[in-house]
Amino acid sequence: MTRPWWELDQLHLWHPYTQHGEAPPPLPVVRADGAYLYDEDGRAILDAISSWWVTLHGHAHPRIAEAVAAQAGTLEQVIFAGFTHEPAARLAAELSEVLPPGLTRVFFSDDGSTAVEVALKAAIQFWRNRGEKRNLIVALENAYHGDTFGAMSVSAPGVFTQPFGDHLFEVARLPEPSEGDTVAALEQLMEMRGNQLAAVIVEPLLLGAGGMRVWDATVLRTLRERTRNAGVLLIADEVLTGFGRTGPFFACGGAGVEPDVVCLSKGLTGGFLPLGATVFREEIFQAFRSPNRRRTLFHGHSYTANPVACAAARASLELLREPGCEHRRRGIEAAHRHHLPYVAEHARVRHPRVLGTMAAFDVEADGGYLSPIGRELSDFALRNGVLLRPLGDVVYLLPPYCTTPEEIAEVYRVIRRFLEGR
Ligand SMILES: *Cc1c(COP(=O)(O)O)cnc(C)c1O
């Protein structure tokens, strides 16, 4: 007798961010379409968090699915050192077109963490190649940049990184703009250790996994001005904020900020395939270009610039550039602005906030990220056909762009029923 496949899951799988000693078995999903996931019995679940922030236009979008199928049957993979292909070259040019001016050189990798690793390694080696020993990286408190060691080092210390603390490199921290004077702290750091600073890395306008904290474009612009004046690189981690999530195409672009390096992933392929990209200003690339092989960026992954992933990304970009997409994003933002105030009336709700297609609020509860309130809400929501996954006591919505105002209204109804204990 063959076992149902989900029993094999229990025997053989180790899930991400999951305490298997207490978590209920995961929900088997057999198919997805638009804003919905479907289980074996055909029950629909509204995906209000874009399956961990990746699904951009909707699940199984036919235009991306077609592009993936066509590319898979033509050129599925080729070594990217010494070889190249059209999907990568065209995607790089198209990204450069939509990114803030000056970002011309694209280095592909596999996901958000590796896009950040590439940015950090290139920033440190950039100075070395130029004969200056600057290797101090500066990051914000409450930042999240990924789970590999370099990305963990620049992320805020916390429950995610605690066991590895001894193995992370030194990072200078600035208070995040909602909690302190970020610019003054940077100026002070520049005075004390100015000649050691290699780069400042930020999640522009929205600290994601650190609690969906929204911060001010004025501060971002001032950080850009100060880093430019001091010749320090500014790395914008747009892994979450890219591709319209915060309203404009990129958070930096919307703020009128031109970073030196941008990290992209998550929505890059529309949520179809893993792909990361780190995009550099030409001057940084030129510091590596040399007859001296020691100046090479010795970094790469087996699947660097996978053609199928690049084809998915090109199809997703094309959808993003159609006028209907911006219209749908505005519709989502308007729905947030309409419904969130009703939730905010609840006595336990704090700091309601909307930034483009993202809406969030805090629920008064003990425990931070390990607070039980998040699990209680996600269980309740799932029983009511909605996928939510609060970051501890921070509840947020980040729906795919196909989500209708009526579907957004349904998510808020479920949240209100939870808060009212029904
Ligand atoms: C999710 C995220 C990452 C890490 O991306 P992975 O694809 O999960 O490795 C990095 N930076 C930001 C801002 C993110 O939100």
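Tell me the net charge near Glu322. Cut-off is 13 Å between Cβ atoms, Glu322 excluded, with +1 for each Lys or Arg and -1 for each Asp or Glu.
For residues surrounding Glu322, the net value is +2.
May I ask for the angle, rounded to the nearest 10°, between helix 323-344 and the longest principal axis of the chain, with both axes built from Cα atoms and the value confined to 0 to 90°?
Around 60 degrees separate the two axes.
Using the Cα gyration tensor of the stretch 102-174, with a ≥ b ≥ c the square roots of its eigenvalues, what is the shape: rounded (a/c below 1.5), prolate (a/b larger than b/c) or oblate (neither)?
oblate
Where does helix 405-419 land angle-wise versus the long Cα axis of the chain, in degrees 0 to 90, nearest 10?
70
For the chain, take the longest principal axis of its alpha carbons; what is the angle in degrees between that and the long axis of helix 372-383, to the nearest 10 within 0 to 90?
That helix lies at roughly 60 degrees to the long axis.
If you wrap a convex hull around the C-alpha atoms of the chain and split its volume per residue, what is the figure in Å³?
In the chain, the Cα hull volume divided by residue count equals 161 Å³.
Given labels modelled 7 Å from the Cα in the Cβ direction, how far is it in nm from Leu8 to Arg43?
A separation of 2.4 nm, rounded to one decimal place.
In units of 2.2 N^0.38 Å, what is the alpha-carbon radius of gyration of the stretch 32-90?
1.52
Using a/c under 1.5 as the rounded threshold, could you call the stretch 228-330 rounded, prolate or oblate? The axes a ≥ b ≥ c are square roots of the C-alpha gyration tensor eigenvalues, and prolate needs a/b larger than b/c, oblate otherwise.
It comes out oblate by the Cα gyration axes.
For Leu377, what charge total do you get from the other residues with a beta carbon under 14 Å from its beta carbon, if Lys and Arg give +1 and Asp and Glu give -1?
Spelling it out: positives minus negatives among the neighbours equals +2.
What residues have an amide H closer than 5 Å to that of Asp237, excluding those fewer than 5 places away on the same chain, when H is modeled at 1.01 Å from N in the peptide plane?
Answer set, sorted by chain and number: Val202, Glu203, Cys263.
Which percent of Cα pairs goes in each bin when the distances of the stretch 61-142 are cut into 5 angstrom slices starting at zero?
3, 10, 13, 18, 21, 14, 8, 6, 4, 1, 0
Here, each number is a calculation from the coordinates, and none is a lab measurement. Since the structure is predicted, the reported quantities are computational estimates derived from the model, not experimental observations. All Cβ positions, even for glycine, are placed from backbone atoms using ideal geometry, and neighbour counts span all protein chains on display.
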